[in-house]
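Please read the structure below before turning to the comments.
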Amino acid sequence: MAPKKIALIGGDGVGPEVVAVGASVLAALRDTRGRDLSCEAFDLGAERFLRDGVTFPAETRDRLRHEFHAVLLGAVGDRRVPDNRHAHDILFGMRFGFDLYANIRPVQCLDDRLMPLRHHRASDCDFVVFRENTEGLYAGVGGTLKQGSPQEVAITEAVYTRHGVERIIRAAFAFARASGRKKVTLADKHNAMPHAHGLWLRVFREVAAEYPDLTAEHLFVDALCLFVVQDPGRFDVIVTCNLFGDIITDLAAALQGGMGMAASANLRPDEPEHVALFEPVHGSAPDLAGKDRANPFATVLCVGMMMAHFGFPEDQALLRDIVCEGLTTRRCTVDVGGELGTRAAGEWVVERVRQAGR
């Protein structure tokens, strides 16, 4: 294994607590499985912004892009910064600035008791969402006129390019074939947005023709959300735009046991050596900060995704199995039926990693 350099950004709220667990898991993988990993922590988040007025310095951005293989980000967002400018600069500075166009979010329920749907089991929920990460309504195109007046006008424009749409759709189909999945579903709304989402549908159909071994399905996003909570087993891979992917995956997190179980990767699937960003999607959860109550399992699963990205899917499988064991034996946090705190749950995971390596 070529040496892999990982940046650790705790960020805000519970972020530092879960990233500390992630760092310990990485250290355990290094020590017991011979992975050539090194980590460096960066002071980025609301505390630094409030102290120094710094959000995402150019020198830090350049170092992350050129010196590191991956970033593990805890969370950004703090009520003391009303406009959350630091969070925008840090998160979008990496997603957009590093052109990490694929936001990949596995939706997998790991224990039957976490499945909220009647007559369904955990095995009925196992799909992956490919969310376009650099275009759409989150591109920041727009503005306001006569702000604060009764005549105020606010405009946000959705921006899609053939290049951006095609590469995420191709990534979804390539992943489906490589992982043995059988179907790719496009979620769009071209009936209401015929120009922007008409592009998505046309490209989807063109790329699907190159994958005759896979079933290509189209659903309007509102219908898809209905089916996600009625019959999640019908899905294998979902590909969609930035906004819809954000909504679908947060909805789907309810099928996993909540946001504390939801992991994500932001990367360029066609360039494995390009720096990638891994983050639990639970946000900074300020009400839980400092209380040792945050669920670290999403971060553990993020580390697993990172190791698979580095070429070690067996490490991802190990960490997933350990999380499953933690859920089954209740060695987990309160939100998923256990009694452990963040640190204790993380320590248990680390000990299981070390035991597996002996």
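The values are calculated or read from the model by the stated rules, or taken from the named source; none is laboratory data. On a predicted model such as this, the values are computed, not experimentally measured, just so you know. Methodologically, a virtual Cβ is constructed for each residue, glycine included, from the backbone with ideal geometry; neighbour enumeration extends over all protein chains shown.
Being in contact (Cβ under 8 Å) with a residue 24 or more places away in the chain, more than 29 Å from Arg331 (Cα to Cα) and either surrounded by fewer than 19 Cβ atoms within 10 Å (Cβ to Cβ) or of a type outside the set (A, V, I, L, M) (or both) is a property that Pro272 has.
Within region 274-322, the set of residues being under 15 Å from Ala70 (Cβ atoms), of a type in the set (Gly, Ala, Ser) and assigned to a helix (DSSP H, G or I) comprises Gly304, Ala308. Criterion applied to Val221, Val275 was being in the same structural domain as Val353 (by TED's automatic domain parsing) and of a type outside the set (S, T, N, Q), and the one residue passing it is Val275. In region 322-344, what residues are of a type in the set (Lys, Arg) and either closer than 16 Å to Ala263 by Cβ or crowded, with 17+ Cβ neighbours inside 10 Å (or both)? Within region 322-344, just Arg331 meets the criteria.
Conditions tested, residue by residue: (1) surrounded by 22 or more Cβ atoms within 10 Å (Cβ to Cβ); (2) touching a helix residue (DSSP H, G or I) at 6+ places or on another chain (Cβ under 6 Å).
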residue: Arg95; (1), (2): no, no
residue: Cys109; (1), (2): yes, yes
residue: Arg121; (1), (2): no, yes
residue: Asp126; (1), (2): no, no
residue: Thr134; (1), (2): yes, no
residue: Val141; (1), (2): no, no
residue: Leu145; (1), (2): no, no
residue: Gln151; (1), (2): no, no
residue: Ala154; (1), (2): no, no
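Would it be correct to say that Phe42 is buried (at least 16 other Cβ atoms within 10 Å of the Cβ), touching a helix residue (DSSP H, G or I) at 6+ places or on another chain (Cβ under 7 Å), free of Cβ contacts under 8 Å to residues at least 40 places away in the same chain and within 19 Å of Val275 (Cα to Cα)? Yes: the conditions hold for Phe42. Only residues that are under 19 Å from Arg113 (Cα atoms), hydrophobic (A, V, I, L, M, F, W, C) and surrounded by fewer than 24 Cβ atoms within 10 Å (Cβ to Cβ) were counted in region 293-321, giving 0.
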